[in-house]
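A.B. asks: I'd like to ask some things about the structure below.
The values are calculated or read from the model by the stated rules, or taken from the named source; none is laboratory data. Being a predicted model, the structure only gives us computed values, none of them experimental. Heads up, the Cβs are rebuilt from the backbone with ideal geometry, glycines too, and the neighbour counts pull from every protein chain shown. For accessibility, only protein heavy atoms count, side chains too; no ligands or nucleic acids. Shrake-Rupley method; radii C 1.70, N 1.55, O 1.52, S 1.80 Å.
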Amino acid sequence: MTATRRRLLWRLVPPAGLVVAVFVSLLNVGAGLPASLATVPPLIEFIALAATVFASVHHADVIAHRTGEPYGTLVLTVAVTVIEVALILSIMLAGDGSPSLARETVFSVIMVVCNGVVGICLIVGGFRYGEQGFRLPGAGAYLVVLMPLATLTLILPTYTTSAPGPLYTPTQLGFVALATLVLYGVFLYVQTIRHRDYFLSDSGDDEDDTSHGTPGTRQVWESVVLLLIALTAVVLLAKGISGSIEGTVAAVGAPIEVIGLLVALLVLLPETLAALRSARRNELQKSLNLALGSSLATIGLTIPAVSALAIVLEQPLELGIDLVDTVLLVLTFGVSLVTFGGGRTNILPGFVHLILFATFVFMIFVP
């Protein structure tokens, strides 16, 4: 009975989220409300947005379970990237605009994934199984692409001289966007066709909590339709809630970087839970596919999309990070090379990554 109710809930959430998006955002419900009730529509939108994000990932997971690995995690990654791009673009275009939001979100995603999610997965799996193994070529493939992508998009803009500040010129931005797309495209070819065995779990157990056995054709097509509805709802909800997020952060006196962290946490929360479930089932490779794949997709897909918008609308796009963030990024990649350099992990590197994530969050509030 519980499983039946859960499936019914996941079916209802996407259309309900779309109704809320249309009713609250497009009809401008909060315009005539008194000040005491002005926060109600944004709160409803945020709850609907969070529920719709979870529903999107659930239906993407159903499709992924049918397609198998590594295509499964690719479906999840693309769905999460669409959600992330919608949130970033909506907040960038709200009010006076936020030219640094894409940078803060992408950097936050890398820190959350490579330190927070990876650290928790290694700790959970390490405490339960002692040591966990993974495919070394697969982990190496993620890192060998992630490191130059992060350098081109987050570090190099600070040191170029054609434009003042941490900015690329439109020509440089177009070149870097194309380069990231090419690198990510080659990685997808390697992951799905050329060397797909690098990314398969050794256990061969791809059983998922969302279903019993492989989903049927009807269930898969139902999830495809509901996923499209959910993603549409997310885009509309993100457009309505973008101004509220900025206003709330400003009201509490938090740094602007908190917006990027909040977007990253909201988008990555469902995928993080899926990665943790895989780690608890001793499927560390699947956890790495979910975690590292999302950080790759964030740069490989989000940066080109945001760059194209910035070029078309002639808006400034700040990408370069400062020295403190550069140190944290380089340290993260150095630790990751050691963590994934031997084919097996335990709780020690997990705690190291988690401390790095805590340092990143602390430095946002105490720079």
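A.B. asks: Could you order the peptides 78-85, 226-233 from most to least packed, using the average number of other C-beta atoms within 10 Å per residue?
C.D. replies: Most protected by this proxy first, the peptides run 78-85, 226-233.
A.B. asks: Let me ask something additional. Say R0 is 51 Å: what FRET efficiency, to the nearest 0.05, do F127 and T151 get from their beta-carbon distance?
C.D. replies: Using R0 = 51 Å, I get an efficiency of 0.90.
A.B. asks: What is the log10 of I(q)/I(0) for the stretch 91-175, computed with the Debye formula using one identical point scatterer on each Cα and no solvent, at q = 0.12, 0.17 Å⁻¹?
C.D. replies: Treating every Cα as an identical point scatterer, log10 I(q)/I(0) equals -0.55, -0.87.
A.B. asks: Would you please classify the overall shape of the stretch 252-304 from the alpha carbon gyration tensor, given that a ≥ b ≥ c denote the square roots of the eigenvalues, rounded means a/c under 1.5, and beyond that prolate means a/b larger than b/c while oblate covers the rest?
C.D. replies: It is oblate, given that a/c is not under 1.5 and a/b is not larger than b/c.
A.B. asks: Turning to a different aspect of this structure: Please compute the net charge surrounding L266, taking Lys and Arg as +1 and Asp and Glu as -1 over other residues with Cβ under 13 Å from its Cβ.
C.D. replies: Neighbour charge sum, excluding L266 itself: -3.
A.B. asks: Okay, next question. Please report, as a whole percent, how much of the solvent-accessible surface of the stretch 268-367 comes from carbon and sulfur atoms (probe radius 1.4 Å).
C.D. replies: About 73 percent, which is the carbon plus sulfur part of the accessible surface.
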